[in-house]
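The structure appears right after this line, and notes come after that.
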Amino acid sequence: MQADHQEKLSQLLSESFSATLSELQDSQVLMEMEQWDSLSHMQFITTLEGEFGFELTGDEIANMQSLGDVKKIIEARSQPTS
Amino acid sequence: MILSEQVGLITGGASGIGKHLVESLSGSLRALHVIDKNVGALDEIATANPALHTHTCDLTDFEAVQNTVRAAFESDAPPTVLINNAGMIHSEPLINLMSPDDRKHSLDNWHRTIDVNLNTVFYMTLCFADAMLQRRLKGVVISISSITACGNAGQSAYAAAKAGVNAMTVTWAKELGVMGIRAAAIAPGFINTPSTNSALSEGHIKHIKKNTPLNRLGDVEDVAGAVRFIIENDFFNGRVIEIDGGIRI
């Protein structure tokens, strides 16, 4: 993951769930984080969209279960289009 | 939100205030879906305005609601504005001293009133919000409440249902606002409709007018104006607009 993406994601996790990226494994399920609730999840999604400049589809949101899923989506959506 | 770009979905739109809202809003919105369980009344408004998308549905049947909302979203005009209008007034005292054999409020009437006025609003909004979020659409849920939500003698069930609608409105505003879906409600007072005129005696209506600072019943267009305001004002969220001429019950 690019360093600037890493930094943005770290900031988002901290704001939404009071969590630090370096402390989390990719297998970390978002719903199982201590500070997670459905509202903080929605806030996380909209802030992520704002920070990275794309809008997730309903299916992408539903499939975004773990931190690894989040990273994959950020990487996929950030690929330059030819 | 720009009114002419929105697609509405209104429940109970074939009669009463709902019918007027359909007549008043259909020209301003891009398209309008109308749900009602009364097939004959629905056919009538469809004949009068063939541009309407009409759906027959008993809103107390959750599966039917799911299918109807799905059909609306799969049409060429997916809705962005839900107007929860369907409902029925029920008046009955908690204890009826004049009825010695069975003085207590009927449980059947209690359940039916809650079902029609509260559960249907929950069912509709549940399916609508889910479809909106899946498609990442932004919009608004407008529920028609009542000034009786603050409590009104002789209307335990109806007042409780409408208070529930107000509470759900605030809850949804908080839950869905972050995803761009607003929620608001309109609490009409006494509106000049055929149902008001048939439900209340002439003397009672006179009494209501006398106790209303504006000395008249509300007009259905007053309610339609509030619907337009809520759609157009993007910062209006989680509040109930009282359209009651200043009367306090």
- [ ] Calculate the dipole size of chain A relative to its Cα centre from +1 charges on Lys and Arg beta carbons and -1 charges on Asp and Glu beta carbons; express the result in debye to the nearest 20.
- [x] 160
Open item on the list: Let me make sure I get this right: for chain A, a, b and c are the square roots of the gyration tensor eigenvalues over alpha carbons, sorted descending. Under 1.5 in a/c it's rounded, otherwise prolate if a/b > b/c, else oblate. Which is it?
Closed with: prolate
TODO: Can you tell me the relative contact order of chain B? Whole percent, Cα pairs under 8 Å, sequence separation 6 or more.
DONE: 19
Task: Centroid-to-centroid separation of the range B:11-79 and the range A:35-55 [C-alpha atoms, Å] - done: 34
Open item on the list: Apply the a/c threshold of 1.5 to the C-alpha gyration tensor of chain B and tell me whether it is rounded, prolate or oblate.
Closed with: prolate
Open item on the list: Just to verify a number: FRET efficiency for A:ALA62 and B:ARG112, C-beta to C-beta distance, R0 = 35 Å, to 0.05?
Closed with: 0.45
TODO: Using a 10 angstrom cutoff on alpha carbons, build the Gaussian network for chain B and name the most mobile of B:LYS138, B:LYS104, B:LYS162.
DONE: B:LYS104
Task: FRET efficiency estimate (nearest 0.05) - Cβ-Cβ, B:ASP234 to A:SER14, R0 35 angstrom - done: 0.75
Task: Sparsely packed trypsin sites (Lys or Arg not before Pro) within the range B:199-249, loop by DSSP, other Cβ within 10 Å at most 12 - done: B:ARG216, B:ARG248
Task: Net charge of Cβ neighbours under 14 Å - reference A:SER16; Lys, Arg +1; Asp, Glu -1 - done: -4
Open item on the list: Using only DSSP helix segments of four residues or longer, with each worth -39500 (n - 2.57), what per-residue ellipticity at 222 nm results for the protein assembly as shown after dividing by its residue count and rounding to 500?
Closed with: -14500 deg cm²/dmol
Task: Within chain A, longest stretch clear of exposed GluC sites (Glu not before Pro) (DSSP loop, no more than 16 other Cβ within 10 Å) - done: A:1-33
Task: the range A:8-20 - phi-based ³J(HN,Hα) in whole Hz, Karplus 6.51/-1.76/1.60, Gly and Pro as x - done: 5, 5, 4, 4, 5, 5, 5, 5, 7, 10, 6, 10, 10
Task: Check: chain B dipole with +1 on Lys, Arg Cβ and -1 on Asp, Glu Cβ, in debye - done: 700
Task: Under-5 Å amide H pairs with B:ILE243, H placed in peptide plane, nonlocal only - done: B:ALA187, B:GLY189
Task: Charge-dipole axis of the protein assembly as shown as Lys and Arg at +1 and Asp and Glu at -1 on Cβ define it, positive-most pick from A:THR57, B:ASN85, A:GLN25 - done: B:ASN85
- [ ] Kindly express, to the nearest 10 degrees and within the range 0 to 90, the angle between helix B:16-25's C-alpha long axis and the longest C-alpha principal axis of chain B.
- [x] 30
- [ ] Taking H placed 1.01 Å from N in the peptide plane, check which residues at least 5 places from B:ARG182 or on another chain put their amide H under 5 Å from its amide H.
- [x] B:GLY139, B:VAL140, B:VAL141
Task: Positive-end extreme of charge dipole, the range B:1-92 - chosen from B:ILE2, B:LEU21, B:SER75 (charges on Cβ) - done: B:ILE2
TODO: Give the long-range amide H neighbours of B:ASN192: residues separated by 5 or more places, or on another chain, with amide H under 5 Å away, using H modelled in the peptide plane at 1.01 Å from N.
DONE: B:GLY218, B:ASP219, B:VAL220
Open item on the list: On C-alpha positions alone, give me the angle between the axis of helix B:62-74 and the longest principal axis of chain B, in degrees, nearest 10.
Closed with: 40
TODO: Treating the angle as unsigned and between 0 and 90°, give the value, to the nearest 10°, between the Cα long axis of helix B:202-211 and the longest Cα principal axis of chain B.
DONE: 80
Open item on the list: Quick check on the exposure proxy: order A:ILE74, B:ILE142 from fewest to most C-beta atoms within 10 angstrom.
Closed with: A:ILE74, B:ILE142
- [ ] Kindly work out what percent of the DSSP beta bridges joining two residues of the protein assembly as shown are antiparallel, to the nearest 5.
- [x] 5
Task: Karplus (6.51, -1.76, 1.60) ³J(HN,Hα), θ = phi - 60°, over the range B:80-86, in Hz, Gly and Pro reported as x - done: 10, 10, 9, 10, 7, 10, 4
Open item on the list: Please state the shape class of the protein assembly as shown: rounded when a/c is under 1.5, otherwise prolate if a/b exceeds b/c and oblate if not, all from the C-alpha gyration tensor.
Closed with: prolate
TODO: Would you kindly derive the ³J(HN,Hα) couplings of the range B:112-125 from the backbone phi angles with the Karplus curve 6.51 cos²θ - 1.76 cosθ + 1.60 (θ = phi - 60°), listing them in order in whole Hz, with x for Gly and Pro?
DONE: 5, 5, 5, 4, 6, 9, 10, 4, 5, 5, 5, 4, 4, 5
Task: Fraction of antiparallel bridges per DSSP, chain B only, in percent to nearest 5 - done: 5
Task: Rounded to 5, the percent of DSSP beta bridges in the range B:1-112 classed as antiparallel - done: 10
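Read the figures in this text as sums done on the coordinates, not as results from a lab. Keep in mind the model is a prediction, meaning the values are calculated, not measured. Using ideal geometry, Cβ is built from the backbone for each residue, glycine included, and neighbour counts are taken over all protein chains shown.
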